[in-house]
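Trainee: Mind having a look at this structure? Questions to follow.
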Amino acid sequence: MKKQSTVLRQASHISKRTYWQRIKAEKTLYLLLLPTLVFFILFRLLPIVNMRMAFFQFKARGNWPFVGLKYFRMIFKSPGFRQILSNTLIISFMKYVLLFPAFVIFALMLNEVRSFRFRKYVQVISYLPHFLSWVVIAGVWISALSLGGGVNQILRFFGLDTFDFMTNRTMIRWILMLCEAWRSMGWDSIIYFTAIISISPALYEAAEIDGASRWIIIKHIIFPALIVPMITMFILNLGFFLNAGFDQVFNFSNQAVESTIDILDTYIYRIGIEGGQYSLATAVSLIKGLVGVCLVWGTHVFSKHVTGTGVWS
């Protein structure tokens, strides 16, 4: 036993030494990774520690009195909270569920483009909106959809009725979804396109020799290769289901449609940043985080049970 313990300690020492040697050998890569690590530590890990503020009354000076579930009761008793939660769920459903197949379909369509040069052109054009801020995107869409915008000018040219899309409560959620699709279509399809091009050419050759049509190849070769990334991305997206996109909603909001697209994040901004009710805002954020974790875990367990595949093994 003593000899075995000595061998284990030596193996552990060698393993640690090898580990630090690898880090030293690849120090440039780790230095490039350092800003990302600092970002996640400052803005992801440290805020978790201060989630305790949801159970305490925040004071700029002195100790924080413990209030238990006071702020959670205030949230659920708030008359407007039900409408805000409903807006969040509807907008998130439209973005994360209704739009989800569009990214897969775009990757399939991109793979069917035979011209390599034209495919690269389409990829670059579709990726560009992802790198624009929501301030710029909102400015473009508001200018196009306002009363004097390009869309209404086209309608006026054909003698059709014009109206302000951005103040229409019925259409504003669909506008948010279409805007999200325009911004994310190319970028979010990358993982699916990568899965497609990683398929072995031998499978295509064998299918063509057997006389399979293009639709059969897509159905039995390409689509099965997309199942795992589709499940993984869908589960991960559920973790952000209560986010609904603060940047987009904040920039598209106006008094006419605020009640229709007011979501949890804008509610947190109003009561926390503008109203100074930090404990109440933290309680709402904690609810969002817990629901997100439960959704990811529940969907992962369901996926493992049904398909044998989840986010992690």
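Trainee: If you plug each phi of region 222-230 into the Karplus form 6.51 cos²θ - 1.76 cosθ + 1.60 with θ = phi - 60°, what whole-Hz ³J(HN,Hα) values come out, in order, with x for Gly and Pro?
Mentor: 6, 4, x, 6, 8, 4, 4, x, 5
Trainee: Taking loop as defined by DSSP and a crowding limit of 15 other beta carbons within 10 Å, which trypsin sites (Lys or Arg not before Pro) in region 35-127 fit?
Mentor: In loop regions of region 35-127 (DSSP not H, G, I, E or B), the sparsely surrounded trypsin sites (Lys or Arg not before Pro) are Lys59, Arg61, Arg114.
Trainee: Related question: Would you look at the GNM of the chain, springs on alpha carbons closer than 10 Å, and say which of Ile221, Ile196, Ile41 moves the most?
Mentor: It is Ile41.
Trainee: If you don't mind, another one. Note down the nm distance, to one decimal, between modelled labels 7 Å out along Cα→Cβ at Ile227 and at Gln153.
Mentor: It is 5.1 nm.
Trainee: Relative to a virtual label point 7 Å from the Cα of Gln83 in the Cα→beta-carbon direction, which members of region 259-285 show backbone nitrogen distances below 11 Å?
Mentor: 259-262
Trainee: Using helices alone, what [θ] at 222 nm do you get for the chain, with -39,500 (n - 2.57) per DSSP H run of 4 or more residues, divided over all residues and rounded to the nearest 500?
Mentor: Mean residue ellipticity at 222 nm (helix-derived): -20500 deg cm²/dmol.
Trainee: Within the chain, which is the longest segment that contains none of the chymotrypsin sites (Phe, Trp or Tyr not before Pro) sitting in a DSSP loop with at most 15 other Cβ atoms within 10 Å?
Mentor: 1-157
Trainee: Now for a different question. Between region 168-192 and region 261-288, how many Å separate their Cα centres?
Mentor: 25 Å
Trainee: Based on the inverse mean of 1/r over its pairs of different Cα atoms, what is the Kirkwood hydrodynamic radius of the chain, in Å?
Mentor: Final number for the Kirkwood radius of the chain is 24.0 Å.
Trainee: If you don't mind, another one. Please list, by residue number, every one of the trypsin sites (Lys or Arg not before Pro) in region 253-306 that is coil in DSSP and has at most 14 other beta-carbon atoms within 10 Å.
Mentor: Passing sites in region 253-306 do not exist.
Trainee: Can you give the log10 of the normalised intensity I(q)/I(0) at q = 0.21 Å⁻¹, computed with Debye over equal Cα scatterers of region 213-313?
Mentor: With no solvent term, the Cα-only Debye profile gives -1.02.
Trainee: Which semi-axis lengths, in whole Å and largest first, follow from the square roots of five times the eigenvalues of the Cα gyration tensor of region 64-187?
Mentor: 36, 24, 14
Trainee: To continue, here is another question. Say each of Arg214 and Ser200 gets a label point 7 Å from the Cα, pointing the same way as Cα to Cβ; how far apart are those two points in nm?
Mentor: 2.5 nm
Throughout, read-outs are computed from the coordinates displayed, never taken from laboratory work. Small disclaimer: the values here were computed from a predicted structure and weren't measured. Don't worry about glycine lacking a Cβ; one is built from the backbone with ideal geometry, like all the others, and counts go over all protein chains shown.
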